[in-house]
Protein chains: 2
Amino acid sequence: MYTFTEENYLKAIHFLSQGSEKGATTNAIAERLETKAASVSDMLKKLSDKDLLIYKKYQGVKLTAKGKEIAIKTVRKHRLWEVFLVDKLGFGWEEVHEVAEQLEHIQSVKLTDRLDSYLGNPKYDPHGDPIPDDAGNFPKRTETTLEECEINSEVIIRGVKDTSPEFLRYLEKLGIGLGAKLMVEEKEEFDGSMRVKINSTSDTSLSAAVCTNLFVKQL
Amino acid sequence: MYTFTEENYLKAIHFLSQGSEKGATTNAIAERLETKAASVSDMLKKLSDKDLLIYKKYQGVKLTAKGKEIAIKTVRKHRLWEVFLVDKLGFGWEEVHEVAEQLEHIQSVKLTDRLDSYLGNPKYDPHGDPIPDDAGNFPKRTETTLEECEINSEVIIRGVKDTSPEFLRYLEKLGIGLGAKLMVEEKEEFDGSMRVKINSTSDTSLSAAVCTNLFVKQL
DNA sequence: TTTAATATTTAGGTTTGCCTAAAAAATAAT
DNA sequence: ATTATTTTTTAGGCAAACCTAAATATTAAA
Ligand SMILES: [Mn+2]
Ligand SMILES: [Mn+2]
Ligand SMILES: [Mn+2]
Ligand SMILES: [Mn+2]
């Protein structure tokens, strides 16, 4: 029905529109898809002709209902496959994104739905991102990052904002995964770093770059 | 590494070269891939430039070692995914081919190998076709078809030559699946049809079209 | 407000994979 | 051995998705 490229564009635009009212800009889309702005302009025209998004020159773009639906279905598939790779095939959470980028384009509603129930209808993917159900509904994240937490607060890791293999491997090395318990012991004004106790054992300093990319739930 | 199209061409040529010494012809490839002969000529030139096959104008084509390797790896993925869909997700054997045609192009050696062991290193796919191991080795079929069997011989269904949904659904209706036991009771010279007893119960007449498409093992 | 910087679009071109129509080669029939 | 038929290739073109370079809009700075 839709090409890989179209689905990737819609997914990128959906992501970039989260929160912001103005929609996604050409440059932002180009950067996210690792392509050039000129190519994006081309594609926006085509997607607009297919009524998947609203495009007025020099303004940003916003997805139509149809465009949004396709984007969310693709996200659903992506995250379900990530769960499959981790839960069933024993992949690490830093290895799954690349493969899921391919698997998310497989077209078979039956496959997606069967996979969903085979996995036990998971609500979150290995990075803590919510998985849309077959109707496209899924919860908005409670966007608290570790950075925002006060001294002496205890938190549970619920997700990662940056899902790059580099970041995930570093977290692995620190012993920080989904569900890990963190105790904020000190906040350094100078560089935004935080001293935390991980799972009641090791004591570590986390840079601001790390703290801003960890979603947590206050205990 | 290789495009979907390239993999599909190599797979088709590999299939068409089974048995025949002369390699695959342009028209045969076009028919199998549901494309036009002119397009095939185009592509053969490109694949030849990439040393994936040997192409001399107006002669047929034969895969090089490299081309054969890619073809077999694609077949391996295709058949493993078919097993996954049937064994784990409960698909019918007539539904899996179409989806496997997409999944076979996912590029991740780790995924393929993990899937293989997750499935218990199956030797045959849901249609009885042998699955290449990770080195590309797999047994040649013992190509006995039901048609060749004598009266009073007892056989076990081991595979299907035609894997179209139409044929598979018809077999399903007849109660014939992999492992079914057939007893040849009569052979009709006139139209090549055979009267058989299926699993020691029902008595049915199978047309020649059915008999030539069933691989069996003599008991 | 005029100028400078940045963002976006247009123009023109490439590659991949496909098509139809026409030419050429190979094979079959007379 | 010609002639007819079939198979295959070539020629010319098209759509998707990308590119660079140049033009135009928008936004920020002076
Ligand atoms: Mn991912
Ligand atoms: Mn994820
Ligand atoms: Mn198949
Ligand atoms: Mn099969």
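Among the GluC sites (Glu not before Pro) in region A:7-87, those located in a DSSP loop and surrounded by at most 12 other Cβ atoms within 10 Å of their own Cβ are A:Glu21, A:Glu34.
For each of B:His105, B:His78, count neighbouring Cβ atoms within 10 Å of the residue's Cβ, then give the residues from fewest to most.
On the way: B:His105 19, B:His78 22.
Ascending number of Cβ neighbours within 10 Å: B:His105, B:His78.
For region A:147-219, applying the loop criterion from DSSP together with a ceiling of 13 other beta carbons within 10 Å to the chymotrypsin sites (Phe, Trp or Tyr not before Pro) yields A:Phe190. Compared with the dominant Cα axis of chain B, that is its longest principal axis, helix B:165-174 is turned about 20°.
Between 0 and 90 degrees, the angle of helix B:109-118 with respect to the longest Cα principal axis of chain B falls at about 20 degrees.
Against chain B, whose longest principal axis comes from its Cα atoms, helix B:65-83 is set at around 50 degrees. For region A:25-89, applying the loop criterion from DSSP together with a ceiling of 16 other beta carbons within 10 Å to the trypsin sites (Lys or Arg not before Pro) yields A:Lys36, A:Lys50, A:Lys56, A:Lys57. Label separation (A:Asn137 vs B:Glu166): 4.3 nm, computed from points 7 Å beyond Cα along the C-beta direction.
Remark: spin-label model distance B:Ala37-B:Glu21 equals 2.5 nm, labels positioned 7 Å along the Cα→Cβ axis. Here the dipole of region B:144-218 is about 380 debye; that uses its Cα centre as origin and unit charges on the Cβ of Lys and Arg (positive) and Asp and Glu (negative). Label points for A:Glu34 are taken 7 Å from Cα along Cα→Cβ. From this copy to the others they lie 3.2 nm apart, shortest first.
Enter the mean number of other protein chain beta carbons within 10 Å of the beta carbon of each residue in B:99-108, as an integer. It would help to have the intermediate numbers written out before the result.
Working: counts 5, 0, 0, 7, 5, 0, 3, 6, 3, 8.
Taking the mean over all residues of the peptide, I get 4.
If you wrap the Cα atoms of region B:1-154 in a convex hull and average its projected area over all directions, you get 10.8 nm². Computing FRET efficiency as 1/(1 + (r/R0)^6) for B:Thr144 and B:Ala208, where r is the C-beta to C-beta distance and R0 is 25 Å, gives about 0.95.
Computed from the coordinates by the stated procedures, all read-outs in this text should not be read as laboratory data. Keep in mind the model is a prediction, meaning the values are calculated, not measured. Glycine gets a Cβ as well: all are built from the backbone with ideal geometry, and neighbour counts include every protein chain shown.
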